[in-house]
Amino acid sequence: CGMFAGFCAILAALKGDYIPAAWAIMIAVVFDGLDGGIARLTNSTTRFGIELDSLSDLVSFGVAPAVILYKWSLMEFGRIGWAAAFLFVACGALRLARYNVQMGSTEKKSFTGMPTPAAASVVATAVIFYNEMNWPGSKSIFILSLAFVLSILMVSTLRFHGVKELDFKKRKPFWILVAIAVV
């Protein structure tokens, strides 16, 4: 389902329908969160499933956001825009490959480098935000910079904390409830 949502995002972006494309990526994020959880819950994780999930993630969180970025904003930068969009795809592929290799050891709870669904979500929410604010997304230096920064963050060695680190069974301080309410 996640790969299908990513494919729909690509088709929508090619037609110039950037908001539906961005929402398709957000739907792919939901499916990505569900697939691993369901596989663990049903005790049906396999090496085949892990590889298929990575290929699906590359379509949904690598190629689809790059196509959206390119068609929506980066095309007007010529070769630099093309390079930024490709860098996003390449860094997404490298990030997913590193995750698969390190999954059993260092990738238990936190992630090395920005996860590809997070980077794709930033792209999708930027498109939606620009639309809501009625800002032109085309030829935006900020969007060009964002593509490069997200690409570098995906392959960086920075630690990104994940939902798996949260322990909902332990009692939490009151300030966490306040922070959740504020967010």
Roughly how many debye, to the nearest 20, is the charge dipole of the range 1-181 about its Cα centre, given +1 on each Lys and Arg Cβ, -1 on each Asp and Glu Cβ, and no other charges? 540
Two-site label geometry, residue 131 and residue 4: point separation in nm, points 7 Å out along Cα→Cβ: 2.1
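Work out which helices of the chain, taken as complete DSSP H runs, extend at least 27 Å along their axis over the Cα atoms and score a mean Kyte-Doolittle of -0.5 or more, then list them. All intermediate terms of the calculation are to be shown ahead of the outcome.
On the way: long enough: 18-41 (35 Å, 1.30); 79-102 (34 Å, 0.82).
Helices meeting the criterion: 18-41, 79-102.
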Return the single residue from 170, 139, 15 with maximal mean-square fluctuation; model: Gaussian network over the chain, springs between Cα atoms under 10 Å. 170
Length added when fully stretched, residue 139-residue 17, from 0.36 nm per residue minus Cα-Cα: 42.2 nm
Hey, can you find the accessible area per residue of the range 1-181 for me, probe 1.4 Å, expressed in square angstrom? 58
Eigenvalues of the Cα gyration tensor times 5, then square-rooted: what semi-axes does that give for the range 1-181, in whole angstrom, largest first? 28, 19, 16
Among 12, 112, 30, the residue whose Cα sits farthest towards the positive end of the charge dipole of the range 1-181, when +1 is placed on the Cβ of each Lys and Arg and -1 on the Cβ of each Asp and Glu, is 112
Approximate spin-label separation residue 55-residue 40, in nm, with each point projected 7 Å along Cα-to-Cβ: 2.4
Could you tally up the Lys pairs in the range 1-181 with alpha carbons closer than 26 Å? Skip any pair fewer than 8 positions apart unless they're on separate chains. 12
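The values are calculated or read from the model by the stated rules, or taken from the named source; none is laboratory data. These numbers were taken from a predicted model, which means no experiment stands behind them. Glycine gets a Cβ as well: all are built from the backbone with ideal geometry, and neighbour counts include every protein chain shown. Heads up: the accessible areas ignore ligands, DNA and RNA and are worked out on the full protein's heavy atoms, side chains in. Shrake-Rupley method; radii C 1.70, N 1.55, O 1.52, S 1.80 Å.
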